[in-house]
Amino acid sequence: MSAVGAARGFDTLLVANRGEIACRIIRSARRIGLRTVAVHSDADRAAPHVRLADVAVGIGPAPARDSYLRTDRILETAATTGAGAVHPGYGFLSENAAFAGAVEAAGLAFVGPTPLQLDRFGTKHTARALARAAGAPMLEGTDLLADLGAALGAAERIGYPVMLKATGGGGGIGMQACRTPSDLAEAFDRVRRVATAGFGSGEVFLERYVERARHVEVQVFGLGDGRVHVLGDRDCSLQRRNQKVLEECPAPNLPDAVRTAVAAGAQALASSVAYRSAGTVEYVYDTARAEASFLEVNARLQVEHPVTEEVFGVDLVECMLRLALGDVATVDETLGRAAAEAAARAAARPRRHAVHADRRRRAG
């Protein structure tokens, strides 16, 4: 066991996930001397993360609702295996405030944001309110809409086209672009029904729809005390059915002023809530106006985090674990150094070609 593990009195981590991200977390945990516990459904008993962990425990049948989403079974496994912390990975329970609260109520460390932060960033309209208060650039939009009449009136004020969004939506589900009042009237109840079925809430709001848009996101890492490291930006504009297909870091062809603004907005927002651990602040970039506006916060480790790790030379999962273990100084130093080195490399890049070929022939 490493000294950092001993500092907080636990040396065992339960990974409440499966597949690639579970393997990813287990490898980082091992590098700092933590013993690892994998949980698995009956169908995953021979999965790679099960074989990789020090201990593996079955927690139910294949449907996620009967296994990976069972808070009670996950906590029972943590108790029986002596785990002192839980890393949720991404997906499943990673952004579930009730799960994070249950983990902490059981006396365990939740490797991620606080339950309150998960709750406040868990709905888009509350995230918008926090971003607005922090001074982040915003799209014209509304609070929650009471009914279709309120939506139609708001759309007239904002100007068509508008985007109708479910506040609890995600993954491209629960949103619809509306170009006319009839579009909005047709979509209103349908989006609410889809959102209720998929997310348990049919509440919706409107934003101005950006016709020529890019999707830009900023990687942040908060130390939980108001200090926040910004680790560059990523472009994830190439999407299929609102699902990201390709990520590029840093975001290419982004004006310097816009890059500075999105980083400052992300840092201010995360700092305003004393954000803890890894997270991503997402923006929509209007290429016609050369403006970026706040979209949402992903209060978790994102699927695409390795793109940033490759550019900055850091292990974000290890940083999450060290922060949960109480080794704030190491995390602060590691991320601060990585950001400074990345900035120095960017500044050192030549503005033009690095090599100039002189075509003149030398006499003789």
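The values are calculated or read from the model by the stated rules, or taken from the named source; none is laboratory data. Remember, predicted model here, so these are calculated numbers, not experimental data. Heads up, the Cβs are rebuilt from the backbone with ideal geometry, glycines too, and the neighbour counts pull from every protein chain shown.
Values for this structure:
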read-out	value
Exclusive hit being outside the structural domain of Gly169 (by TED's automatic domain parsing), buried (at least 22 other Cβ atoms within 10 Å of the Cβ) and among the hydroxyl-bearing types (Ser, Thr, Tyr), set Thr280, Thr330, Thr260	Thr280
Among residues of region 15-53, those that are touching a Ser or Thr at 6+ places or on another chain (Cβ under 8 Å) and without any contact (Cβ under 8 Å) to a residue 24 or more places away in the chain, counted	1
So Arg70, is it surrounded by fewer than 16 Cβ atoms within 10 Å (Cβ to Cβ) and without any contact (Cβ under 8 Å) to a residue 12 or more places away in the chain	no
First in region 156-174 and surrounded by fewer than 16 Cβ atoms within 10 Å (Cβ to Cβ), second anywhere and of a type outside the set (Gly, Ala, Ser) and part of a loop (DSSP other than H, G, I, E, B), Cβ under 6 Å, 6 or more apart	Tyr160/Arg179; Gly172/Arg241; Gly172/Asn242
Unmet requirement for Ala268, which otherwise passes all of (1) in a loop (DSSP other than H, G, I, E, B); (2) in contact (Cβ under 8 Å) with a residue 40 or more places away in the chain	(1)
Failed item, numbered, when Glu248 is tested on (1) under 30 Å from Arg322 (Cβ atoms); (2) out of contact with any Lys or Arg (no Cβ under 7 Å at 6 or more places or on another chain)	(2)
Ala292 being among the aliphatic types (A, V, I, L, M), modelled with pLDDT of 95 or more, outside any helix (DSSP H, G or I) and over 20 Å from Arg227 (Cα atoms)	yes
Those strands (runs of 3 or more DSSP E) lying entirely in region 27-116 with at least 3 residues within 29 Å of Thr280 (Cβ to Cβ)	35-41, 85-87
Single residue of Glu207, Glu211, Glu248 found to be crowded, with 18+ Cβ neighbours inside 10 Å and touching a residue at least 24 places away in the same chain (Cβ under 8 Å)	Glu207
Cross-chain or 6+ apart pairs with Cβ under 6 Å, region 92-105 first and within 10 Å of Leu69 (Cα to Cα), then of a type in the set (Phe, Trp, Tyr)	Phe92/Tyr68; Leu93/Phe99
Test: Thr196 is buried (at least 21 other Cβ atoms within 10 Å of the Cβ), over 30 Å from Leu13 (Cβ atoms) and under 24 Å from the mean Cα position of the chain (by Cα)	no
Any hit, region 218-235, residues being at pLDDT below 95, out of contact with any His (no Cβ under 8 Å at 6 or more places or on another chain) and surrounded by fewer than 20 Cβ atoms within 10 Å (Cβ to Cβ)	no
Residues of region 112-129 that turn out to be over 11 Å from Ala97 (Cβ atoms) and hydroxyl-bearing (Ser, Thr, Tyr), as a count	1
Region 193-239: number of residues that are more than 19 Å from Glu304 (Cβ to Cβ), of a type in the set (S, T, N, Q) and part of a loop (DSSP other than H, G, I, E, B)	1
Selection status of Arg276, under 23 Å from Arg337 (Cβ atoms) and touching a Cys at 6+ places or on another chain (Cβ under 8 Å)	no
Complete set of residues in region 281-298 that are in contact with a Lys or Arg (Cβ under 8 Å, 6 or more places away or on another chain) and closer than 14 Å to Val218 by Cα	Val284, Tyr285, Phe294, Glu296
